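Asks: What follows is a single structure, and I will ask about it in a moment.
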Amino acid sequence: MKKLPIGISTFKDIIEEGYLYVDKTLFVKRLANKGRYYFLSRPRRFGKSLFLDTLKSAFEGRKELFNGLFLQNNWNWEEKYPVLKISFGAGVLRNQKELDETFEGMILRLKDKFNLELSDISYKENFREIIEKLYQKFNQKIVILVDEYDKPILDNITDPDTAALMRDNLKNFYSVIKDSDAFIKFVFITGVSKFSKVSLFSGLNNLEDITLNKNYSIICGYTQDDLEREFKDRLKNADLNEIRNWYNGYNWLGEPVYNPFDILLFFSNHCEFRNYWFETGSPSFLIKLFKENNYFIPDLEKVEVTESLLGSFDVDFIELETLLFQTGYLTIKRQKRVGPRLKYELKYPNIEVQYSLNDYIIDYLTLDPVGKSKHQDALYYALEAGDPERLHESLKRLFASIPYNNFSKNRIYEYEGYYASVIYSYFATLGLELIAEDVTNKGRIDLTLKLNDKVYIIEFKVSDEASKDRCLPLKQIKEMAYSEKYTDKQTSVYLIGITFSKKDRNISSFEWKKV
């Protein structure tokens, strides 16, 4: 078995040192044949850097590296091009000074690599000089590859002023590329987020965005065929369905794919299921947006966005749903057309993301990370046993454990969505099938969950102590005949109505019925 290329994004090293490589060189040929200027957005740890380095080796004419790969007999190896490969991926850039230092280091490395004489002017003009002088020196057009193009902005996404400053400086730098069109053979720019052309690429509006192009949907990531072919020897004692449920599911309007980082670490750790990808980055900036918008967490089950909202954002207009998609926490479930507009339904890609993101959200909703595991176990066992009374007691203990200071600076406890969000996030960490606002022919169920042969239909209300409608949730379930959707001989259906007290900040009424 070949070695697993964990954390290796240099194509030459992978090939020469005998690491496993899933052949993506077909896309090198396709891109080179069809155009010149490309942009691709994919989440972190998805193989973008490796693909960029593969492009670099191909355009430099490194034929010896492509033995046995698609490109070996499908490329003009006689033509070689000077390649400018730029990356903003190293470290965190927190201010203008650190960005300037990055530009300076970048220019100096390119100057030394190609033995060029440059004027003592701005980084932007030095970049222009490098392109033109390389063209003159090699009598050949230039290939420009930009990796992590957006990282200086994302490093500061919670500080709009600094993020805007980074954006404007990068915009100025990237504008050189379009102005140098006469000297350029090929451009490929990649990163996590797609910023609007108006905000970042107004000077480079000739980029073809292939992020949602079906022809390039599997340009990064492993397909199911890749998994079963390339990792065949490692799959002998593994459950393919469980691997698929845990790690597959990322979709850009084509075949769903696995995150390579997950798969490589999964096999490296003897097929142990863990949240490998999620652990490589903290979604703290997303949590900040959840807080600022009092986001109803169950809505993550039914996100629907327009093409314009899904495609790009700016530091002056950040939509949570856009960030969730671009950073990989949500993916495309289906595309549909509504009149002249394209719309997209989004979903969690897989169990890893659903579990991990909601586990993270629980900490900010409850401020009780120590007791979290205990509550998760108690809820799961109650649901598995079909014991609503046990579920009632578990939920009461859960809400009783939330520190009082979680409510001291706000009135979040008056918000029905808060209680539903806590319960939903806990259930989402249990690996259950959840349906938020489950549609029936008579209305919408607040939350439906399925576990083995059991279905739980749940309605929530928040009430004042003096309210006379404390038992309305169960009554509503019965009157709207919500259970008809799930009643059959093989399924036990539990109807549960839960009312929360604003005063006690806990459950004041819990009624249930088995049908």
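Asks: Does anything in the range 223-250 have its amide N under 17 Å from the 7 Å Cα→Cβ label point of LEU26, and if so which residues?
Replies: Those under the cut-off are 223-231.
Asks: A follow-up question, please. Under 9 Å from the Cβ of GLY281, count the other residues' Cβ atoms, weight Lys and Arg +1, Asp and Glu -1, and hand me the total.
Replies: +1
Asks: OK, next. Mind checking the alpha-carbon convex hull of the chain and giving the volume per residue in Å³?
Replies: Taking only Cα atoms, the chain has a hull volume of 171 Å³ per residue.
Asks: Obtain the nm distance between the two label points defined at GLU479 and THR491 by a simple spin-label model: each point lies 7 Å from its Cα along the Cα-to-C-beta direction.
Replies: According to this spin-label approximation, the distance is 2.4 nm.
Asks: Could you give the length gained on full extension between LYS137 and GLU117, defined as 0.36 nm per residue of separation minus the Cα-Cα distance, in nm?
Replies: Extending this stretch completely gives an extra 6.0 nm.
Asks: While we're on this one: Report, in degrees rounded to the nearest 10, the 0 to 90 angle that the Cα long axis of helix 284-293 makes with the longest principal axis of the chain.
Replies: In the chain, helix 284-293 runs at an angle near 50 degrees to the longest axis.
Asks: Modelling each spin label as a point 7 Å along the Cα-to-Cβ direction, I'd like the ASP363/PHE317 distance in nm, to one decimal.
Replies: Label-label distance for ASP363 and PHE317, simple model: 3.3 nm.
Asks: Residue by residue through the range 132-142, which ³J(HN,Hα) values in whole Hz follow from phi under the Karplus form 6.51 cos²θ - 1.76 cosθ + 1.60 (θ = phi - 60°), with glycine and proline marked x?
Replies: 5, 6, 5, 4, 5, 5, 9, 6, 8, 5, 9
Asks: Another question about this same structure. How much mean residue ellipticity at 222 nm does the chain get from its helices, if each DSSP H run of length 4 or more adds -39500 (n - 2.57) and you divide by all residues, to the nearest 500 deg cm²/dmol?
Replies: Computed ellipticity for the chain at 222 nm equals -11500 deg cm²/dmol.
Asks: Under the rule of at least 5 residues apart or a separate chain, name every residue whose amide H is placed under 5 Å from the amide H of ILE184.
Replies: Distant-sequence amide H within range of ILE184: ILE142.
Asks: Another question, if that's okay. Is the shape of the range 1-85 rounded, prolate or oblate, going by the alpha carbon gyration tensor and its root eigenvalues a ≥ b ≥ c, with a/c under 1.5 for rounded and a/b larger than b/c for prolate?
Replies: Cα axes put the range 1-85 in the oblate bin.
Asks: Give the shape of the range 207-266 as rounded, prolate or oblate, defined through the alpha-carbon gyration tensor: a ≥ b ≥ c are the square roots of its eigenvalues, a/c under 1.5 means rounded, and otherwise the shape is prolate if a/b is larger than b/c and oblate if not.
Replies: prolate
Asks: Based on the alpha-carbon gyration tensor of the range 353-514 and its eigenvalue square roots a ≥ b ≥ c, which shape applies: rounded if a/c is under 1.5, prolate if not and a/b is larger than b/c, or oblate?
Replies: Oblate, since a/c reaches 1.5 and b/c is not below a/b.
Asks: Another question about this same structure. Once both axes come from the Cα atoms, what is the angle between helix 25-34 and the longest principal axis of the chain, in degrees from 0 to 90, rounded to 10?
Replies: Computed tilt is about 70 degrees.
Asks: In whole Hz and in residue order, list the ³J(HN,Hα) couplings for the range 439-448 that follow from phi through the Karplus curve 6.51 cos²θ - 1.76 cosθ + 1.60, θ = phi - 60°; x for Gly and Pro.
Replies: The phi angles translate into 7, 10, 6, 10, x, 10, 7, 4, 7, 10 Hz.
Asks: Under a Cβ-Cβ cut-off of 9 Å, what is the net charge of the residues other than PHE186 that fall near it, where Lys and Arg count +1 and Asp and Glu count -1?
Replies: My count for the surroundings of PHE186 gives +3.
Every number here is computed from the coordinates shown, using simple stated rules; none is lab data. The structure displayed is predicted, hence computed values, not measured ones. In this analysis, Cβ positions are derived from the backbone assuming ideal geometry, glycine residues included, and neighbour counts consider all displayed protein chains.
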